[in-house]
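The values are calculated or read from the model by the stated rules, or taken from the named source; none is laboratory data. Please read all numbers here as calculations on a predicted model, not as lab measurements. Cβ coordinates were reconstructed from backbone atoms using ideal geometry, including for glycine residues, and neighbour counts include every protein chain displayed. Please note that ligands, DNA and RNA were not included when accessible areas were found on the heavy atoms of the full protein model with its side chains. Shrake-Rupley method; radii C 1.70, N 1.55, O 1.52, S 1.80 Å.
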Amino acid sequence: MYNRLKNLLSPIFIFCLVLLILNDFLLKATFHNVFTGKLSDFCGLFIFPIFWCALFPKFKSWIFILSGILFVFWKSEYSSGLIELVNTFFPLQRTVDPTDLLALPVLLLGWLHVKGRKQIVISNSLLPRLATGFIAIVTIFSFCATSQRPYLQSFDHPQYVLLRSAVTPDVKLYDKFEFYRKDSLLVVKVNYQYISRPVMNDDYNKNRSLKDLDIDARGQIVDSTSLMSPGKITALTIETPQGRDALRFKGGRLEGRFTRTKNGRMIIEGFYKMGIEDSIWTFRDSTSNAVMKQTIVNGERTRVEEFRDAKLVSSTGINTRVDSIRNIYIKIGMLALCMLGIILLLRQNYRKTSPSQLVLKGYWKWLLCLLSPVFVWLSYMGLNILLIDYSPDIFETLATIIFIFMATCPLMFVAVFLIKLRKEIDIVLYCLLFGLACSIWTISGILIELIN
């Protein structure tokens, strides 16, 4: 098995693998453009058949042919039934986009790469074997992570759009929508949307997903529907399981006052501006005297107040996107100062003890280089939990472990074998230093996406 998998140590294979993971977990979230959308297809279609050829070298031709067929099937509407079946066991997501088929010529490049290069000759020592196994595990992880299900954006405030339609769509086909007919008009309640996982689940991100809500809803409803005329004012009242909702639309978006009553008691009152919440929103409990008021500025909540029997119980301020960006700048500055302090401590230890050094046997040095990423990751996770609202999913956690391992091992090798350790405390200081650097990298990526 090792003799087969060692061909995965090809530099171009490793480059495409790292680029695929980097694009799925950083570049897509940061830039949101066509290039990052296609990059995963090109890299994935290159490494996928090469990986399976390494496992089954006798079936190279069939592997490349089937890879092309499976890619076309995956990107077509015909795979929807299979995806729904698999989703009951493992969450998958894919976008039907014919332009993704532009990546198919990459299969030819992969074929030429497999057929045109010589067999890699690597010693059977422990390090190459570990590297080979690590690359194989990372490759399987990349195949799973690139098709993970997108983030589910739910809404705290009722969201409706207004369309024209001659028929009522079958509600069984649309789990995210509820439909209410009013003559030739179709009121669509949007319960949630699938979007790319946001770097911060705040009101600003939610408002971005609401920008073209009527257009998005109309595109997802296959029955004959059309958009409302822009600027046309329509006032409607509909009966829902939650209560009676009084709606006012401008075109196809909510505009102006919204109320919800239940059993003759008003339980929600607020205002919309082109589908985005605005001004003061009031929520009343239908069975008690509890009242919650939300102050909303430009679609973002700035304060939440809770009342009971007309008395203020609690008042909580909420950071807007501008506040979050300012706070992240402060956190990056604090982390940078901590890094500078650790570097000065390491320099002081080096100068005070030079030319003596910490004596370690060779195998302990190698073990230290291989195990240090674990402690770097622990310090990184602790810093992120402390400084940011960090709740990564399983794929992001695994991707972080992989990147930290790939970055920390070479750096620790330089520290141990070239710079040389002076004191036992240097091991802790280096792990903290690299953990701080990883945290600054992550928080800087969050800052870039928030600014964009």
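Listing for the model above:
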quantity	calculated
Evaluation of Y363 against (1) open to solvent by 60 Å² or more (accessible area, probe 1.4 Å); (2) in contact (Cβ under 8 Å) with a residue 24 or more places away in the chain (one fails), failing number	(2)
Qualifying residue in the stretch 245-259 (condition: open to solvent by 30 Å² or more (accessible area, probe 1.4 Å) and either touching a residue at least 60 places away in the same chain (Cβ under 8 Å) or over 25 Å from S165 (Cα atoms) (or both))	no
From the options S286, S279, residue that is open to solvent by 40 Å² or more (accessible area, probe 1.4 Å) and in a loop (DSSP other than H, G, I, E, B)	S286
L433 touching a helix residue (DSSP H, G or I) at 6+ places or on another chain (Cβ under 9 Å), crowded, with 20+ Cβ neighbours inside 10 Å, among the hydrophobic types (A, V, I, L, M, F, W, C) and touching a residue at least 40 places away in the same chain (Cβ under 8 Å)	yes
Extreme residue, nearest to D216 (Cα to Cα), among residues of the stretch 172-190 that are open to solvent by 40 Å² or more (accessible area, probe 1.4 Å) and part of a strand (DSSP E or B)	E178
Selected residue [within 22 Å of N201 (Cβ to Cβ) and among the hydroxyl-bearing types (S, T, Y)] from T287, T316	T316
Failed criterion for E305 (all others in (1) over 13 Å from H157 (Cβ atoms); (2) open to solvent by 60 Å² or more (accessible area, probe 1.4 Å) hold)	(2)
S142 vs. criteria surrounded by 11 or more Cβ atoms within 10 Å (Cβ to Cβ) and at pLDDT 70 or above	yes
Criterion (open to solvent by less than 70 Å² (accessible area, probe 1.4 Å), among the β-branched types (V, I, T) and closer than 27 Å to T295 by Cα) met by exactly one of I195, I221	I195
Filter pass, M412 being open to solvent by 10 Å² or more (accessible area, probe 1.4 Å), within 15 Å of C369 (Cα to Cα) and assigned to a helix (DSSP H, G or I)	no
Odd one out for V376 among (1) over 21 Å from the mean Cα position of the chain (by Cα); (2) open to solvent by 30 Å² or more (accessible area, probe 1.4 Å)	(2)
Selection from the stretch 308-324 of residues that are exposed (fewer than 15 other Cβ atoms within 10 Å of the Cβ) and either at pLDDT 95 or above or in a loop (DSSP other than H, G, I, E, B) (or both)	D309, A310
